[in-house]
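Undergrad: Before I ask anything, here is the structure I am working with.
The values are calculated or read from the model by the stated rules, or taken from the named source; none is laboratory data. As the structure is a prediction and not an experimental result, all values here were calculated from the model. Backbone-built Cβ (ideal geometry, glycine too); neighbour counts: all protein chains shown. Calculation scope for accessible area: heavy atoms of the full protein, side chains included, ligands and nucleic acids excluded. Shrake-Rupley method; radii C 1.70, N 1.55, O 1.52, S 1.80 Å.
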Amino acid sequence: MADGGGKPLQSAMKMAKQAIQLEGGDRQQEAYCQYLRTINYISHVLLQEETQVEVERMLRLAEQCLDRAKTFIGKGSVHPVPPVLHNASCSSADQSEAEASPKAGDRASAAEGQVDASSRFGLSDDGGQPSSFPPPDVFQRQQTAASHDSSRKTLTPVEEASRQNQKLQASYEARVARLAPGQASQKTSLTLSLQRQMMENLIIARARQDAQLQRKVEERRQRLQDEANRRFAASGALTAEEQEQRLFYSRVLEYELDHDWPKQWRTNIKKNPDASLVLDLLSYLLRSDHPLVELLRKHQFRIYNQLYPIVTQNLPQNLPQSLPQSLPQSLPQSPALLLRSSRSVHARLSPERQPTRTGSSLEGEDPAQRDDSFEDLEHFLSQLDCGDLREELTFDPSIELKQLELRALKEHLKAIVRDVHGAVDQLLSLCLLSFDCLNTATFKDLSLGCIEEAFFTPLWSPLLALFRRVLRERELLFQRNMALYCSASPAEVGVPLKLFPQDPGALQGSYPYQVAVQELKLLMRDRCPQRKLDCVVRTLRLICGCAEDYRNQQGGGASRAAAIGADDLLPILSFVALRCQCPQLLSECAALEEFIHESFLIGEEGYCLTSLQSALAYVESLPARADLADTE
């Protein structure tokens, strides 16, 4: 009981607030008793004649508490209250007696129902001895009614509040109908009181429902976590990877409680383990909101966030489109390498002058030898009547800066490749963990292919841009050679005469191996490593088919196995790569070598990719093996 002295109204409001909090916490019995205590406290304060309080506000608060207490009567969730509190609650307002009388009648009718039920089951009033039993049809109807009562849906707190508000609305309309025409102020008071009570009912009901939902969510999460712990139970401490798998598995279990399709797919695949059905499952999985897809998006964003600041940097605009033909393929990039290269070149030009030592640094060498080195460099520069070459061989600090930038790009590329492999491996392992029916050799390869296609499709363009930045010097050289050999015949790049037609009219306006060139161009359109590798395989198969046809046209009559050998394949692939006119083909093959799974690099796919890379390297070395640039 709160203290009546000082500020009785504030004390009464505190008691009512406590009752509302108890009701919001789904503690109905305690809230009911607290409302009655508040009413009793207000009555006690008002009965003290010497106490000066705000009588009207105290009575209004007591009326509100009484209204809240009456809402618990129909729920059946409160126990009977002591007579003292019951009398105090009944004396606070006149309308409480009018509404309490029907409930008393309900209790009386319930008691009569209990007596009637006991008589129906054959129990007498005097000794409890059986007197009669109901017929079978009556017994069946009784059991059916009992089952309907037990299966009746339990109302949520919001639904209970809605029903209470409907009753309040009906009571309000009845009381307004009894008012005289001149009692407009009382009607306004009743309207405001109705709105307040209905709003309180909804607010308290929502608070109760949110508390129940939160409690159920916590219980379900704990149950799923326990199941995941049993799945990953180990004798020792779990590793970081196992802990991550356990958390992911608990999320999958929680997802499957709300979605039935994973279980249905598992059942269908176990009944019919077909590859087409597995592909349909993986396609549906990667379009859904499964936790695996959320993890895939997370990895994609992390990789793209690492790529974006590198690939969006502007490249220098004044770099040459092709390398000077009179220079070696790569210039020395430090003073020591510059000096050593000049001495080696001068040694080749002057056979009578041999180098006196070999070393990797100028540190610690004899001053006389160092003077001889500079003399060699001066003599070499005087022998070449080219002032531009002197400027190119002069050491430039920007070369060292570019070398450092290239080294940083290579380290960044290595880190990204490592992260990509880790992400794909994790996605594959978690996919097999979520769908154990896919844990076979064939289905595992299918899963890997689908995951790689979904993972690499939005990331391939920025990944290729990074590869092209790292391999830019090689691409420039490759692009120069493509320009030099764009109209060269197969014989000029080393293709044997027996493997292409000698009569241009036999090709009807096309060129040799044109279908293979068109197929290789399709490689740049795909965004998935596996599809690109399939394109390379198809290109080599077309080359073998064309070589067989060309040889048969010349009367060779050899089978496909003997039509072309490994030594003949290299120049033909080089010719096809030159006619493709795609400088990025070099970076595409380098990216494929990094991202193709190791299981696909053993066999036909690996042989085809290695052959194409060898052909590209052969194209890069063409200026040193043919002097076609001078003839043009």
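Undergrad: Give the residue that is surrounded by the most Cβ atoms within 10 Å (Cβ to Cβ), with candidates limited to residues of the range 574-605 that are of a type in the set (Gly, Ala, Ser) and more than 22 Å from residue 473 (Cα to Cα). Let's see the steps before the verdict.
TA: Of the residues in the range 574-605, the ones of a type in the set (Gly, Ala, Ser) are 574, 577, 587, 590-591, 599, 603.
If we keep only those that are more than 22 Å from residue 473 (Cα to Cα) too, we end up with 599, 603.
Values: 599: 13, 603: 10.
Within the range 574-605, the match that is surrounded by the most Cβ atoms within 10 Å (Cβ to Cβ) is 599.
Undergrad: Within the range 426-514, considering only helices (runs of 4 or more DSSP H) that don't extend past its boundaries, which have at least 2 residues that are hydroxyl-bearing (Ser, Thr, Tyr) and within 30 Å of residue 247 (Cα to Cα)? Steps first, answer last, please.
TA: Working: elements: 441-456, 460-470, 472-484.
Ranges flagged: 441-456.
Undergrad: Oh, and also: Just checking, how many residues over the range 15-66 are within 51 Å of the chain's Cα centre (by Cα), in a helix (DSSP H, G or I) and over 17 Å from residue 196 (Cβ atoms)? Please lay out each step first, then the result.
TA: At the first step, the residues of the range 15-66 found to be within 51 Å of the chain's Cα centre (by Cα) are 15-32, 34.
Filter once more, keeping what is in a helix (DSSP H, G or I): 15-24, 28-32, 34.
From what's left, over 17 Å from residue 196 (Cβ atoms): 15, 18, 21-22, 28-32, 34.
Here the count works out to 10.
Undergrad: Further question: Note down all Cβ pairs under 6 Å where the first residue falls in the range 144-171 and is over 17 Å from residue 73 (Cα atoms) and at pLDDT 85 or above, the second is surrounded by 13 or more Cβ atoms within 10 Å (Cβ to Cβ) and not charged (D, E, K, R), and they're at least six residues apart or on different chains.
TA: From residues that are over 17 Å from residue 73 (Cα atoms) and at pLDDT 85 or above, the pairs are 158/205; 158/209.
Undergrad: Considering the range 268-283 alone, what residues qualify as being part of a helix (DSSP H, G or I) and surrounded by 11 or more Cβ atoms within 10 Å (Cβ to Cβ)? Let's see the steps before the verdict.
TA: Step one: list which residues in the range 268-283 are part of a helix (DSSP H, G or I), which gives 268-271, 275-283.
Of everything in the range 268-283, those that are part of a helix (DSSP H, G or I) and surrounded by 11 or more Cβ atoms within 10 Å (Cβ to Cβ) turn out to be 268, 269, 275, 277, 278, 279, 280, 281, 282, 283.
Undergrad: Here's a follow-up. Is it the case, given these coordinates, that residue 216 is out of contact with any strand residue (DSSP E or B) (no Cβ under 6 Å at 6 or more places or on another chain), at pLDDT 90 or above, basic (Lys, Arg) and surrounded by fewer than 16 Cβ atoms within 10 Å (Cβ to Cβ)? Before the answer, list the steps.
TA: On the way: out of contact with any strand residue (DSSP E or B) (no Cβ under 6 Å at 6 or more places or on another chain): yes; at pLDDT 90 or above: no; basic (Lys, Arg): yes; surrounded by fewer than 16 Cβ atoms within 10 Å (Cβ to Cβ): yes.
Criteria not met by residue 216.
Undergrad: I'm trying to understand the selection: among the residues of the range 14-34, which are within 19 Å of residue 207 (Cβ to Cβ) and either touching a strand residue (DSSP E or B) at 6+ places or on another chain (Cβ under 8 Å) or in contact (Cβ under 8 Å) with a residue 40 or more places away in the chain (or both)?
TA: 16, 19, 20, 23, 24, 25, 26, 28, 29, 31, 32
Matching residues to (1) open to solvent by less than 30 Å² (accessible area, probe 1.4 Å); (2) farther than 19 Å from residue 524 by Cα; (3) in contact with a helix residue (DSSP H, G or I) (Cβ under 8 Å, 6 or more places away or on another chain); (4) among the acidic types (Asp, Glu):
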residue: 453; (1), (2), (3), (4): no, no, yes, yes
residue: 463; (1), (2), (3), (4): yes, no, yes, no
residue: 466; (1), (2), (3), (4): yes, no, yes, no
residue: 470; (1), (2), (3), (4): yes, no, yes, no
residue: 473; (1), (2), (3), (4): no, yes, no, yes
residue: 477; (1), (2), (3), (4): yes, yes, yes, no
residue: 482; (1), (2), (3), (4): yes, no, yes, no
residue: 491; (1), (2), (3), (4): no, yes, yes, no
residue: 502; (1), (2), (3), (4): no, yes, no, no
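Undergrad: For the range 268-284, which positions are touching a helix residue (DSSP H, G or I) at 6+ places or on another chain (Cβ under 9 Å) and without any contact (Cβ under 8 Å) to a residue 24 or more places away in the chain?
TA: Just the residues of the range 268-284 that are touching a helix residue (DSSP H, G or I) at 6+ places or on another chain (Cβ under 9 Å), to begin with: 268-270, 273, 275, 277-284.
Within the range 268-284, 268, 277, 280, 284 meet the criteria.
Undergrad: Same structure, new question: Given (1) modelled with pLDDT of 85 or more; (2) open to solvent by 50 Å² or more (accessible area, probe 1.4 Å); (3) over 51 Å from the mean Cα position of the chain (by Cα), where does residue 199 come up short, assuming only one miss?
TA: For residue 199, the failing item is (3).
Undergrad: I would also like to ask the following. When you scan the range 197-218, how many residues do you find that are of a type in the set (D, E, K, R) and in contact (Cβ under 8 Å) with a residue 24 or more places away in the chain? Write out each step before concluding.
TA: Just the residues of the range 197-218 that are of a type in the set (D, E, K, R), to begin with: 200, 206, 208, 210, 215-216, 218.
Narrowing further to those that are in contact (Cβ under 8 Å) with a residue 24 or more places away in the chain: 200, 206, 208.
Going through the range 197-218 one residue at a time, the tally reaches 3.
Undergrad: Before we move on, is residue 542 surrounded by 17 or more Cβ atoms within 10 Å (Cβ to Cβ), among the aliphatic types (A, V, I, L, M) and closer than 18 Å to residue 609 by Cα?
TA: Working: surrounded by 17 or more Cβ atoms within 10 Å (Cβ to Cβ): yes; among the aliphatic types (A, V, I, L, M): yes; closer than 18 Å to residue 609 by Cα: yes.
So residue 542 passes the test.
Undergrad: Might you let me know whether the range 514-535 holds any residue that is open to solvent by 60 Å² or more (accessible area, probe 1.4 Å), farther than 30 Å from residue 459 by Cβ and basic (Lys, Arg)?
TA: Pass one, the range 514-535, residues open to solvent by 60 Å² or more (accessible area, probe 1.4 Å): 515, 518, 521-522, 525, 527, 531.
From the residues that got through so far, the ones that are farther than 30 Å from residue 459 by Cβ too are 515.
Then keep just the ones that are basic (Lys, Arg); that gives none.
No: the range 514-535 contains no residue that is open to solvent by 60 Å² or more (accessible area, probe 1.4 Å), farther than 30 Å from residue 459 by Cβ and basic (Lys, Arg).
Undergrad: Here is a follow-up. Six or more apart or on different chains, Cβ under 7 Å: which pairs go from a residue in the range 581-610 that's among the β-branched types (Val, Ile, Thr) to one that's in a helix (DSSP H, G or I)? Could you list them?
TA: These pairs meet every condition: 596/529; 596/533.
Undergrad: Out of 624, 617, 629, 562, I need the residue that is outside any loop (DSSP other than H, G, I, E, B) and modelled with pLDDT of 90 or more. Which one?
TA: On the way: 624 fails: modelled with pLDDT of 90 or more; 629 fails: modelled with pLDDT of 90 or more; 562 fails: modelled with pLDDT of 90 or more.
Criteria check complete, one pass: 617.
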